[in-house]
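Scroll down for the structure; my scribbles are underneath it.
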Amino acid sequence: MNAETLERIKEECRKLPAEISYIVGFVRKQSEPREVVAVLKPDEVDKLSFSPLSFNNPARTVMELAKDNKVAVIAKGCDARALKQLEKEEKIERENLYIIGISCPGVIDYRKFRNTVKFRLAEIDSVELIGDEVVVKAGGEEQRIPFSEVIFENCLYCEQPTPKDYDVLIGEPREGKVDFSDIEEFEKLSAEERWSYWMDVFSKCIRCHACRQVCPMCYCNECLVDPSNLAVSPMTPAEEKAAYPRVLGRTVNAADNLIYHIVRVMHHAGRCAGCGECERACPMELPLRKLERKLEKVVYEVFNYSPDEEIPFLSKLDILPEG
Amino acid sequence: MEDFEPKIITFACNWCSYAGADLAGTSRLKYPPNVKIIRVMCSGMVNPAWVLRAFRQGADGVVIAGCHPGDCHYTVGNYYAKKRYILLKELLKFVGFDDERFKLLWASASEGKLFAEEMTAFTEKIREMGRQEKLRRKIE
Amino acid sequence: MKVYSGNFLKDVITRLLEEGYRVYAPVKEGNYHVFRVVKSADETDFDYINTKKSPKEVTFPENEVLIKYGEWVEELPEQPDRLAIVGIRPCDVKGIRLMDRVFLEDITDPYYEAKRKNLLIIGYACNQAGDYCFCSSVGIKPYSSEGVDILVTNLNGRQIVEVVSDAGKELAANFELTDASAEDIEAKKELEKKVMESFTRKVDTENLEERMKRAFDSDYWREVATNCISCGTCTYLCPTCFCFDIFDDGELKGVRIRAWDSCQFPLHTLESSSHNPRPEKWQRLRNRFYDKFYYMLVRKGELYCVGCGRCSAACPVGIDIAEVIDNVPSEVE
């Protein structure tokens, strides 16, 4: 994830097949060092940027764009996994995609980074990952931060650092691992301790729904936990409107927030790509991946299923435990 | 709590468990009146959100009752039910909720006796566990 | 201008708690600060640039019970009689003043008013602009004493106290304050200059009304919203976003709640005829910027952005209000 990676990306983007109409990649923000997802025309390759601060998942943007366009996308391991999942669910067609895969060593947790870096954000010229160190350059000065200090925690348990499905791969393939040690550790706590932990966590939730909105897997037009989930149309009769079960209103307290999060997470069983966007998006910095990872663990251990399988989790019926 | 009467919501599938509960009634088998049955067309249509909603509205226990594996009127509905049940139960356990309050029951249309017995046992267990406070709706 | 030898903010909290106030003060929670009701001065931590959530919660909570009902309205909620917010930054004070104009002008909102009229505001001037701050660009001085009862400035570890209102005077009478020396006044001026220079973000608000008016139909807004995910983060953290929704929780017995709503949610403007005036996310996002920088400017004569930078800092996809407004095209075909 250094200048060389960026050069390779640009190089690949310059020799894209002619039918590609857009590139979904990363562009640096004006006033801070982080990158954001951007949709570029093939002749705007020079605007591209890439660094360990290119942490967003472009899958959502691709999903909107790839319906009727051929799109090249710069995808880290988890991004490609999300794309694969969307393809399985027929939200994207693979032939509309040209995946430039990146073998990803992990991304930076921007919050940790902001607390660690000694420069003002606006002053920073470049952020690169060289070896085990993050090298931050600002106005001739340089700060070296060990990568382990600022790495996004979710990346430590990454299952798929290298995309499985790609058209070009940049960087040497890396091995992922299935590691649920943090979840096992948490499960050792007593039920009451766990309950008070989660009540403490979810008492902070403000229900802005960023975790849901940012998730590439949460693409429903209407959500079960929306404040009003009435499918209202002029044709909807009054009695039908009245009969719609309203699962949850806008009440914000720890228990109701927990219900919202359980319902949200339940829908990701066997689908979650593990990109960690939910946790990154959360303005209150809640450990949302923990719930998702627990579910992943159940899917692995009880059902012996991996999200990379071709058949969707719910449709696969021969994986039920006995009884 | 001497006079605690648990409230138990049972989602019973139309084809097996509801008929089973009906059989329990016509055979004059007794099971506690704490059990409130909601008939659904299939155990596979029970949304996990409904279970949580039931707990939020003050249920002390929730049961999903469906056909035995292989007997589903819709071929595989109860397999879905079982998958969701396992996932939700594990999650509830993970967050420290008493997952014992949530139960899956296979009861066919001819198992009126089993239905009555299971419901009696479950009601007694919930009675011992006491009121469900954790997910109950909070009115400030 | 006075000088206090101890830690004025903490001592004032202790005093207010003794007097029976409900005190909101910044508390460190994990990696960030938020305003919480505190039970003692020890819980607080004033080493912060700005809080994660805006203090609008004090007068306009995320969930507010309007009535409790059974067969009929059974009771109205009690309102706290004495409220104080300690350590609030000048931008957020401005936020409260802008909220006042929404909830108290023309039609008075009784729930808001009940809290607002009993609210004591102890401000805390900034010594350093944060990475996302741009309040100087929207006409707010980070050391402004406008709207506060008492303003505290930390000057090299010593606390300078400016008593502004009558309520502030009454409270300040309980503390031993000495007059500030000419040196201190000079040093404070120096500090103010330094703060103004520490802003890394500037927004060009010149001719903004005209620019916004012309740019309404520009494709620029679609471009800005490319990554928008229509979550409510920006509006929920904003000190001047005031949209709310009212709903009942409970059938035969329950509460009627007023809860925050967000113009970014598709359901916010969905009408029961199924028509939605802002069906696309770029329209909703545009609405937010126009609300802050145009509609309210026309209606109330003030920008409804205080430049706290919370939305920019928290936006999951990196949409930056300062950049967006700065780049509003002045020429539109």
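One residue stands out among those in the range C:229-250 that are part of a loop (DSSP other than H, G, I, E, B) and more than 9 Å from every other protein chain (Cβ to nearest Cβ): the one that is surrounded by the fewest Cβ atoms within 10 Å (Cβ to Cβ), which is C:243. The set of residues in the range A:23-35 being more than 11 Å from chain C (Cβ to nearest Cβ) and either at positive phi or of a type outside the set (Val, Ile, Thr) (or both) consists of A:25 alone.
Each residue in the range C:150-164 was checked for being out of contact with any Leu (no Cβ under 7 Å at 6 or more places or on another chain), surrounded by fewer than 20 Cβ atoms within 10 Å (Cβ to Cβ) and of a type in the set (A, V, I, L, M, F, W, C), and 0 pass. Being of a type outside the set (D, E, K, R), within 14 Å of chain A (Cβ to nearest Cβ) and either in a strand (DSSP E or B) or surrounded by fewer than 17 Cβ atoms within 10 Å (Cβ to Cβ) (or both) is the requirement here; does residue C:199 meet it? No.
For residue A:38, the requirement of being of a type in the set (A, V, I, L, M, F, W, C), within 22 Å of residue A:127 (Cβ to Cβ) and within 14 Å of chain C (Cβ to nearest Cβ) is met.
Here residue C:179 meets the list (1) surrounded by 19 or more Cβ atoms within 10 Å (Cβ to Cβ); (2) acidic (Asp, Glu); (3) touching a Lys or Arg at 6+ places or on another chain (Cβ under 7 Å) almost entirely, failing just condition (1). When C:140, C:85, C:121 are screened for being farther than 24 Å from residue C:37 by Cβ and of a type in the set (A, V, I, L, M), only C:140 passes. Look through the range A:175-200, keep the residues that are of a type in the set (A, V, I, L, M, F, W, C) and in contact with a helix residue (DSSP H, G or I) (Cβ under 8 Å, 6 or more places away or on another chain), and return whichever of them is farthest from the other protein chains (Cβ to nearest Cβ). Going through the qualifying residues, I end up with A:178.
For the structure I just gave you, tell me whether residue C:171 is crowded, with 18+ Cβ neighbours inside 10 Å, among the hydrophobic types (A, V, I, L, M, F, W, C) and either closer than 17 Å to residue C:89 by Cβ or within 22 Å of the chain's Cα centre (by Cα) (or both). No, not satisfied.
Of the strands (runs of 3 or more DSSP E) that lie entirely inside the range A:97-214, those containing 1 or more residues that are surrounded by fewer than 19 Cβ atoms within 10 Å (Cβ to Cβ) and among the polar types (S, T, N, Q) span A:126-130, A:141-146. Residues that are facing another protein chain (nearest Cβ under 8 Å) and surrounded by 22 or more Cβ atoms within 10 Å (Cβ to Cβ) within the range A:266-281 comprise A:269, A:277, A:280, A:281, listed in sequence order. No other residue among B:67, B:72, B:42 is farther than 25 Å from residue C:249 by Cα, among the hydrophobic types (A, V, I, L, M, F, W, C) and crowded, with 24+ Cβ neighbours inside 10 Å apart from B:67. Please verify whether the range C:35-50 includes one or more residues that are within 12 Å of chain A (Cβ to nearest Cβ) and not acidic (Asp, Glu). Yes, there is a match, as at least one residue in the range C:35-50 is within 12 Å of chain A (Cβ to nearest Cβ) and not acidic (Asp, Glu).
Could you please find all residues in the range A:1-35 being touching a helix residue (DSSP H, G or I) at 6+ places or on another chain (Cβ under 8 Å), of a type in the set (Val, Ile, Thr) and either surrounded by fewer than 22 Cβ atoms within 10 Å (Cβ to Cβ) or outside any strand (DSSP E or B) (or both)? A:20, A:27 - these are the residues of the range A:1-35 that are touching a helix residue (DSSP H, G or I) at 6+ places or on another chain (Cβ under 8 Å), of a type in the set (Val, Ile, Thr) and either surrounded by fewer than 22 Cβ atoms within 10 Å (Cβ to Cβ) or outside any strand (DSSP E or B) (or both). Considered as a group, the residues in the range B:60-79 that are of a type in the set (A, V, I, L, M) and away from chain A (no Cβ under 11 Å) include one that is farthest from residue B:21 (Cα to Cα), and that residue is B:62. Considering only residues in the range A:285-304 that are within 10 Å of chain B (Cβ to nearest Cβ) and not in a helix (DSSP H, G or I), the one that is nearest to residue B:92 (Cα to Cα) turns out to be A:302. Among the residues of the range A:193-211, those identified as in contact (Cβ under 8 Å) with a residue 12 or more places away in the chain and of a type in the set (Phe, Trp, Tyr) are A:198, A:202. Of all residues in the range C:281-312, those that are surrounded by fewer than 23 Cβ atoms within 10 Å (Cβ to Cβ), touching a residue at least 12 places away in the same chain (Cβ under 8 Å) and in a loop (DSSP other than H, G, I, E, B) total 1.
Would you say residue C:45 is surrounded by fewer than 19 Cβ atoms within 10 Å (Cβ to Cβ), touching a Phe, Trp or Tyr at 6+ places or on another chain (Cβ under 8 Å), in contact (Cβ under 8 Å) with a residue 12 or more places away in the chain and in the same structural domain as residue C:110 (by TED's automatic domain parsing)? Answer is no for this residue.
Taking the listed residues A:280, A:250, the one that is farther than 21 Å from residue B:85 by Cβ, basic (Lys, Arg) and in contact with a strand residue (DSSP E or B) (Cβ under 9 Å, 6 or more places away or on another chain) is A:250, with no other qualifying. Candidates C:93, C:58: the one that is within 30 Å of residue C:307 (Cα to Cα), away from every other protein chain (no Cβ under 14 Å), surrounded by 19 or more Cβ atoms within 10 Å (Cβ to Cβ) and modelled with pLDDT of 95 or more is C:93. Looking across the range C:137-149, just one residue is out of contact with any Lys or Arg (no Cβ under 8 Å at 6 or more places or on another chain) and surrounded by fewer than 17 Cβ atoms within 10 Å (Cβ to Cβ), and that is C:139. Only residues that are out of contact with any Gly (no Cβ under 7 Å at 6 or more places or on another chain) and buried (at least 18 other Cβ atoms within 10 Å of the Cβ) were counted across the range A:64-76, and they come to 7.
Scanning the range C:210-258 for residues that are among the aliphatic types (A, V, I, L, M) and closer than 27 Å to residue C:92 by Cα yields C:212, C:224, C:225, C:229, C:237, C:246, C:257.
Count of the range C:204-228 residues, restricted to those that are assigned to a loop (DSSP other than H, G, I, E, B) and farther than 26 Å from residue A:40 by Cα, is 4. Across the range B:24-41, the number of residues qualifying as away from chain A (no Cβ under 14 Å) and under 13 Å from the mean Cα position of the chain (by Cα) comes to 5. Listed conditions (1) in contact with a Leu (Cβ under 6 Å, 6 or more places away or on another chain); (2) more than 23 Å from residue A:278 (Cβ to Cβ) are all met by residue C:245, apart from (1).
Take the conditions (1) crowded, with 24+ Cβ neighbours inside 10 Å; (2) of a type in the set (A, V, I, L, M); (3) more than 24 Å from residue A:313 (Cβ to Cβ); (4) in contact with a Ser or Thr (Cβ under 6 Å, 6 or more places away or on another chain); residue B:37 misses just one of them, which is (1).
The values are calculated or read from the model by the stated rules, or taken from the named source; none is laboratory data. Predicted model only: the values in this text are computed from it and were never measured. Neighbour counts are summed over all protein chains in view; Cβ atoms, including those assigned to glycine, are modelled from backbone coordinates with ideal geometry.
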